[in-house]
Amino acid sequence: MHVAISKITISDFTVFNDVIIELSNRVNVFVGENGTGKTHLLKLLYAGSIIHKKEKTHSMKDLFGYVPIVDGMLFHINDQAYIYKTVSYEDSTGTFRLIKGTPQINITINRSADMVFIPTKDILSHSKGLIPMTKKYSREMPFDKTYLDIIEKASQWKLDSIPDIAKSILPILEREIGGKVLFENDTFYTIKDNGTKVSFDHEAEGFKKLGLLWQLLMNESITENTILLWDEPESNINPKLIPDLVEIILELSRNGVQIFMATHDYFLPKYVEVLAKESDDVAFHSLYMTDDGVKCETSDKFTTLRNNDILEEKVKLYEAEVEKVMQ
């Protein structure tokens, strides 16, 4: 499998002053405290992949909300530069120069790939008519572009037969959600094994997340060579389902899907570490704040990360329990 995205460098953007991250060709798990830019990092990778494939960007406002980019932004994908907004000025010699302090994102992308961004929040429950409405009232209804993108991808017609990549995964998803997913009249449903039809706005939050993955596999939005960016996969998932979720993630990576995840959870990265095989290429990236902006520490083991607030809190809890017992 030829890696899609192998490196990202971010300068002068939100919490990142100057950071370089070497990426795994299979599974990347990002951890860090709130405000260390995990979601921003995923969205930058998403925007860069769009640029590389379609030679255009999403509006930064659509992806990030209000971002104070006074002088613009420069995406540099391999040997080609893509400019968002104005990043240069004309001086007296008639030449253009990059303004100092312009946010720059450099991404090494080795091949074109379709990409899927799964946001933390469920949006499929509100999918009916949302895309036409936001297009008509775009100024009055600003929406995170990743929400609209995932609705469009999930709304595609599913295949009659199971794709090869999904044959070992769909039985796990169907067992957990107790059925299959149906998209009908612009509405998502779970068709339970007993025939009950449950609309997503009445479905359990965790089942909706697993159901979305079922739908993306069945309509081939996720297939070999896809890039999957998933913000907090564990959100609203019962901890007992995390091992199955991790097995699914690892199986996708073994079938050519490059995966980027951001999490606050202990169980998700720990199960990735425990369940990964020697042949799996997994990287754990810890984002942490310094006086010079957010930096990144990378390791092939979750438990060897030095800047790991998740493990630190686990140790504090254990020490509190011991202290209570000893009283």
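FYI, it's all coordinate maths here, none of it is from the lab. Not measured: the values here are computed from a predicted model. Heads up, the Cβs are rebuilt from the backbone with ideal geometry, glycines too, and the neighbour counts pull from every protein chain shown.
Taking 7 Å along the Cα-to-C-beta vector as the label spot, tell me the Ile162-Asp114 distance in nanometres, rounded to one decimal.
1.9
Out of every Cα pair in the stretch 124-221, what percent are spaced more than 18 Å from each other?
47
Compare the Cα positions of Leu148, Leu124, Pro163 along the charge dipole of the stretch 124-221 (+1 at Cβ of Lys, Arg; -1 at Cβ of Asp, Glu; about the Cα centre) and return the one farthest towards the positive end.
Selected residue: Leu148.
Net charge around Glu205, counting only other residues with Cβ within less than 14 Å of its Cβ (Lys, Arg = +1; Asp, Glu = -1)?
Cβ neighbours under 14 Å give a net charge of -3.
Beyond a 28 Å Cα-Cα separation, which of these cross-linked pairs lie in this structure: Lys38/Lys158; Lys209/Lys295; Lys167/Lys314; Lys153/Lys314; Lys53/Lys158? Mind dumping the intermediate values first?
Values: Lys38/Lys158 31 Å; Lys209/Lys295 31 Å; Lys167/Lys314 37 Å; Lys153/Lys314 38 Å; Lys53/Lys158 24 Å.
From Lys38/Lys158; Lys209/Lys295; Lys167/Lys314; Lys153/Lys314; Lys53/Lys158, over 28 Å: Lys38/Lys158; Lys209/Lys295; Lys167/Lys314; Lys153/Lys314.
Count the net charge of all other residues whose Cβ sits under 10 Å from the Cβ of Thr226, scoring Lys and Arg as +1 and Asp and Glu as -1.
Summing Lys/Arg as +1 and Asp/Glu as -1 gives -3.
Give the relative contact order (percent, whole number) for the stretch 124-221; include only Cα pairs under 8 Å separated by 6+ residues. Numbers along the way, then the final one.
Working: 101 pairs, mean separation 33.6, N = 98.
Reported as a whole number, the value is 34 percent.
Provide the net charge surrounding Ile242, with neighbours chosen by a C-beta distance below 14 Å and charges set as Lys +1, Arg +1, Asp -1, Glu -1.
Charge balance in the 14 Å sphere: -4.
Which whole-number value in Å³ per residue fits the convex hull of the alpha carbons of the stretch 196-327?
176
Return an integer: the convex hull volume of the alpha-carbon atoms of the stretch 166-208, in Å³ per residue.
77
So how much slack lies between Ala81 and Asp18, counting 0.36 nm per residue of separation and subtracting their Cα-Cα distance, in nm?
Contour length minus the Cα-Cα distance gives 20.8 nm.
In nm, give the distance between the simple-model label positions of Ala320 and Asp201, each being 7 Å from the Cα along the Cα-to-Cβ direction.
Reported label-point gap for Ala320 and Asp201 is 3.9 nm.
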